[in-house]
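To keep things clear, I will list the structure first and then write my remarks on it.
The values are calculated or read from the model by the stated rules, or taken from the named source; none is laboratory data. A quick note: this is a predicted structure, and the numbers were derived from the prediction, not measured. Cβ: placed from backbone, ideal geometry, glycine included. Neighbour counts: every protein chain shown.
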Amino acid sequence: MLVNSHLKNGFLLLAGLLVSNAAIAQENLEADSIFTWKLVELTNPSSHSCIQFIPRVDITPVSWDFGDGSPASADVSPVHTYTYVSWSDSVEVTLTYTAGGANTVKTRQIPLSPAYFHCIHDSNLGQAASFKYIFRNAYMIDNNPGNLGNLHFSWTIDSEPLAENTFSNPDLGQWPNIYYTFLNGGTHQVKLEVYNTTNATEVAGFTHTLTVTPDLSAGVVKLENIPNVFTPNGDGVNDTFTVNTSGTGWFVLRILSRSGGLLYKSESSTLIWDGRNSQGEELPEGIYYYIIEDTTGQYETATGFIYIFRGKK
């Protein structure tokens, strides 16, 4: 089961969160990798896949070994077509490149299914909302029907076809990217099927099996791994007091001074605080007291102390 999202003015809307289609399509999941890749449309995806390989801009490719016995390529960003047998097949691709005046080798395992997709948490929430996922197609196309080409996408969650997330023209199928919220933890299976509308009998598929935590089926659980210090100094590291939750509860967070005065209060489905009071002013370094209550009853009330250390930027 899921809480379905819907499209509004070009955005995916779910549980009060707006996620632009462009952001989903353009986000680089492998920003630190030597090379990335994306699927390319082809007419026979049940037996073939076509992949473009993209080197990082600060390196010079020397040769690409595609891992299937075909001749190596000296192209900068080659496109290669594979024949595969199973949707779970993969291939080892090797890039020899020059960086800093020396030749270096990078090898990675690349999935071959033309229905492969990426599973990522909302980049703004991360583990602060562990039940919320973005499933993004490996063609790197967004949810704009004008960018589909001849591709048709269909999603299944735990053997149940997804009922919504469909283009207004039903012939176009479902969106190539979905924002999905699980209602409980445990093991879940997400499947995507893809075909080319010019040859609809050839269908490719891929299934991701996910372990989603926590498991709330046994009753109320404790909040775990609550930090006792954070450093809101704007350096991008540990800048917020963040508590991992499912992202489906409704939390009241109170921050009090050591003398018991209320400094900050928020109500939200996630627990993220930036070290400011209710007036938006930065609180000074020191020790503060927190109270976390879940009004939906998923989590036990938690209390404790948190130390703000700002340090140097």
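For region 136-187, which positions are touching an Asp or Glu at 6+ places or on another chain (Cβ under 8 Å), surrounded by fewer than 21 Cβ atoms within 10 Å (Cβ to Cβ) and not in a strand (DSSP E or B)?
Hits for region 136-187 are Gly149, Asn150, Asn184, Gly185.
Within region 299-307, identify whether any single residue is outside the structural domain of Ser88 (by TED's automatic domain parsing) and assigned to a loop (DSSP other than H, G, I, E, B), and answer yes or no.
yes
Hey, can you tell me all the residues within region 97-130 that are of a type in the set (A, V, I, L, M, F, W, C) and closer than 24 Å to Glu193 by Cβ? I'd like the intermediate steps shown before the answer.
First pass over region 97-130, keeping only residues of a type in the set (A, V, I, L, M, F, W, C): 99, 102, 105, 110, 112, 115, 117, 119-120, 125, 128-129.
Answer for region 97-130, where residues must be of a type in the set (A, V, I, L, M, F, W, C) and closer than 24 Å to Glu193 by Cβ: Ile110, Leu112, Ala115, Phe117, Cys119, Ile120.
Please work out if Gly247 is surrounded by 14 or more Cβ atoms within 10 Å (Cβ to Cβ), in the same structural domain as Tyr116 (by TED's automatic domain parsing) and either of a type in the set (A, V, I, L, M, F, W, C) or under 21 Å from the mean Cα position of the chain (by Cα) (or both).
Numbers: surrounded by 14 or more Cβ atoms within 10 Å (Cβ to Cβ): yes; in the same structural domain as Tyr116 (by TED's automatic domain parsing): no; either of a type in the set (A, V, I, L, M, F, W, C) or under 21 Å from the mean Cα position of the chain (by Cα) (or both): yes.
For Gly247, the condition - surrounded by 14 or more Cβ atoms within 10 Å (Cβ to Cβ), in the same structural domain as Tyr116 (by TED's automatic domain parsing) and either of a type in the set (A, V, I, L, M, F, W, C) or under 21 Å from the mean Cα position of the chain (by Cα) (or both) - is not met.
In region 197-244, how many are of a type in the set (Val, Ile, Thr) and over 22 Å from the mean Cα position of the chain (by Cα)?
We begin by selecting, within region 197-244, every residue of a type in the set (Val, Ile, Thr); these are 197-198, 201, 203, 207, 209, 211-213, 220-221, 226, 229, 231, 237, 240, 242-243.
Restricting the remaining residues to those that are over 22 Å from the mean Cα position of the chain (by Cα) gives 197-198, 201, 203, 220-221, 226, 229, 231.
Total satisfying the criteria: 9.
For region 227-242, what are the residues that are at pLDDT 95 or above and aliphatic (A, V, I, L, M)?
Within region 227-242, Val229 is the sole residue that qualifies.
Within region 87-117, restricting attention to residues that are surrounded by fewer than 16 Cβ atoms within 10 Å (Cβ to Cβ) and either not in a strand (DSSP E or B) or not assigned by TED's automatic domain parsing to the domain that holds Ala72 (or both), which residue is nearest to the chain's Cα centre (by Cα)?
Ser88
So that you can scan it fast, the table gives a plain yes or no per residue for (1) under 17 Å from Trp37 (Cα atoms); (2) among the hydroxyl-bearing types (Ser, Thr, Tyr); (3) at pLDDT below 95:
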| residue | (1), (2), (3) |
| --- | --- |
| Ala99 | no, no, yes |
| Ala115 | yes, no, no |
| Ser130 | no, yes, yes |
| Tyr139 | yes, yes, no |
| Asn143 | no, no, no |
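Kindly establish whether Gly219 is of a type in the set (Gly, Ala, Ser), at pLDDT below 95 and crowded, with 20+ Cβ neighbours inside 10 Å.
no
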